[in-house]
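The structure appears right after this line, and notes come after that.
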Amino acid sequence: MSSRRPSSSDVFRFYERTELAGEFAAVPTFSGDVPGDGQRWSTWTAVTPTERGPKPYPSWVVTSASAFDTELGIVKTGKEADLFLIERAVPGDPGQSSILAAKRYRDAETSDFHRSTRYSEGRRMRNTRDTRAVARGSAYGQSVSSTRWAYAEFEALCTLYSLGVPVPYPVQIHGTEILMEFIGHGMVAAPRLSQVRSSAHEMRALFEQVVTIMGSLASAGLAHGDLSAYNLLVKDGRVVMIDLPQVVEVVSNPSGMDFLHRDCVNVCEWFTRQRVTCDAEDLFGNLVARMF
Ligand SMILES: Nc1ncnc2c1ncn2[C@@H]1O[C@H](COP(=O)(O)OP(=O)(O)OP(=O)(O)O)[C@@H](O)[C@H]1O
Ligand SMILES: [Mg+2]
């Protein structure tokens with residue numbers, strides 16, 4: 001692994017953002033020895049080991065201090081966070097380059113979504129000053145709140161990845177920004193399950209994968225809490241679960257069973273519309289049985 005800083009002779013790619021949803025144009029350009037417009041030094045060295053994903057790091061994770069992060073464009077604006085595409089690469093070293101998804105939580109003022117406190121019942125906050133600030137809704141409290149949801153999602157990604165559940169590999173968290181594996185081909189994001197139309201046989205196979213994923217969470221005492229065909233991606237016929245800040249511990253959260261039940265209903269209603277025979281109550285019963 002190279003530890004040198006980039007030199008003025010380095011040449012590397014820069015992708016210009018276009019207004020076309022999900023499409024980015026590759027524009028070769030030159031850069032000096034400092035990050036240019038739309039670039040920064042890799043933030044890998046700015047975070048602590050606990051703010052990095054589970055070891056062993058996958059081989060594609062770029063850990064060099066001389067890497068640049070280059071903004072490639074926005075993938076999607078969500079209710080409370082925006083998803084951007086970045087390239088983390090060591091200039092001039094094609095072996096050290098990866099495309100990452102950067103999920104950036106907005107502060108409560110610019111978010112049009114206020115997550116119900118029902119999700120965090122049973123969870124503890126780091127200190128009482130933070131608890132009081134969040135309750136008051138002060139500016140500091142709002143920033144604690146978005147950081148807290150970002151950390152909750154990062155922790156859920158780490159836990160589930162370590163359990164072998166198909167979720168994007170969490171590379172790191174830095175404040176309100178999570179960098180994770182980009183699920184897609186090149187720079188094109190994988191479709192959400194809600195966009196997938198397939199044969200009856202393939203739909204059944206997708207349903208079974210979703211049931212397996214929900215079963216893995218249930219065995220660990222967890223439920224997604226906001227599961228739907230919008231929070232499942234399909235890449236090469238494989239389902240990947242995303243959007244995890246509200247993952248709940250079913251038993252310790254007073255509304256845990258309700259969240260699990262709603263996940264079952266959302267999933268089964270969608271698959272029923274795709275003509276897959278399934279029953280939300282059966283699924284719910286099977287998942288609850290796995291918890292005890
Ligand atoms: N790791 C990823 N790889 C590829 N695409 C992703 C990834 N994570 C998220 N996306 C895309 O970005 C969208 C928004 O992500 P996510 O659901 O995590 O955020 P959100 O703020 O909850 O958005 P929403 O309000 O739409 O639910 C997803 O629907 C998906 O299309
Ligand atoms: Mg979502």
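Looking at the structure I just gave you, is Glu269 surrounded by fewer than 17 Cβ atoms within 10 Å (Cβ to Cβ), farther than 20 Å from Gly78 by Cβ and touching a strand residue (DSSP E or B) at 6+ places or on another chain (Cβ under 8 Å)?
On the way: surrounded by fewer than 17 Cβ atoms within 10 Å (Cβ to Cβ): yes; farther than 20 Å from Gly78 by Cβ: yes; touching a strand residue (DSSP E or B) at 6+ places or on another chain (Cβ under 8 Å): no.
When the stated conditions are applied, Glu269 does not pass them.
Say whether the condition of being away from ligand 2 (no atom under 16 Å from the Cβ), touching a Cys at 6+ places or on another chain (Cβ under 7 Å) and not polar (S, T, N, Q) is met by at least one residue in region 255-272.
Yes.
Does any residue in region 59-78 that is modelled with pLDDT of 95 or more come within less than 6 Å, Cβ to Cβ, of a residue that is among the acidic types (Asp, Glu) and part of a loop (DSSP other than H, G, I, E, B) six or more places away or on a different chain, and which pairs are these?
Final answer for the pair search is none.
Look at Ser9 and say whether it is exposed (fewer than 14 other Cβ atoms within 10 Å of the Cβ), in a loop (DSSP other than H, G, I, E, B) and modelled with pLDDT of 95 or more.
No: the conditions fail for Ser9.
Considering only residues of region 159-198 that are of a type in the set (Gly, Ala, Ser) and within 15 Å of ligand 2 (Cβ to nearest atom), which is farthest from the chain's Cα centre (by Cα)?
Step one: list which residues in region 159-198 are of a type in the set (Gly, Ala, Ser), which gives 162, 164, 175, 184, 186, 189-190, 194, 198.
Within this subset, residues satisfying the condition of being within 15 Å of ligand 2 (Cβ to nearest atom) are 189-190, 194.
Working: Ala189: 13, Ala190: 13, Ser194: 17 Å.
Per the stated criteria, the residue is Ser194.
Give just the number: which of (1) more than 16 Å from ligand 2 (Cβ to nearest atom); (2) surrounded by 15 or more Cβ atoms within 10 Å (Cβ to Cβ); (3) part of a loop (DSSP other than H, G, I, E, B) does Ser216 not satisfy?
(3)
When region 168-178 is examined, which residues are found to be in contact with a strand residue (DSSP E or B) (Cβ under 7 Å, 6 or more places away or on another chain) and farther than 13 Å from Pro58 by Cβ? Spell out the reasoning first.
Restricting attention to region 168-178, the residues satisfying the condition of being in contact with a strand residue (DSSP E or B) (Cβ under 7 Å, 6 or more places away or on another chain) are 168-172, 176-178.
Of everything in region 168-178, those that are in contact with a strand residue (DSSP E or B) (Cβ under 7 Å, 6 or more places away or on another chain) and farther than 13 Å from Pro58 by Cβ turn out to be Thr176, Glu177, Ile178.
I need the full set of residues from region 228-258 which are touching a helix residue (DSSP H, G or I) at 6+ places or on another chain (Cβ under 9 Å), more than 9 Å from ligand 1 (Cβ to nearest atom) and within 15 Å of Tyr119 (Cβ to Cβ), in order please.
Gln246, Val247, Val248, Glu249, Val250, Val251, Asn253, Pro254, Ser255, Met257, Asp258
Test each condition in (1) surrounded by 16 or more Cβ atoms within 10 Å (Cβ to Cβ); (2) within 30 Å of Thr48 (Cβ to Cβ) for Gly164 and report the one that comes out false.
(1)
Among all residue pairs at least 6 apart or on different chains, which show Cβ distances below 7 Å where the first residue, located in region 87-103, is closer than 18 Å to Val75 by Cβ and the second is of a type in the set (Lys, Arg)?
If the second residue must be of a type in the set (Lys, Arg), the pairs left are Ser98/Arg88; Leu100/Arg88.
Determine, yes or no, whether Val276 is touching a residue at least 24 places away in the same chain (Cβ under 8 Å), buried (at least 21 other Cβ atoms within 10 Å of the Cβ), away from ligand 2 (no atom under 16 Å from the Cβ) and more than 18 Å from the chain's Cα centre (by Cα).
In short, no.
The values are calculated or read from the model by the stated rules, or taken from the named source; none is laboratory data. Because the structure is a prediction, the values reported are computed rather than measured. Cβ sites come from the backbone with ideal geometry, for glycine too, and all protein chains shown count toward neighbours.
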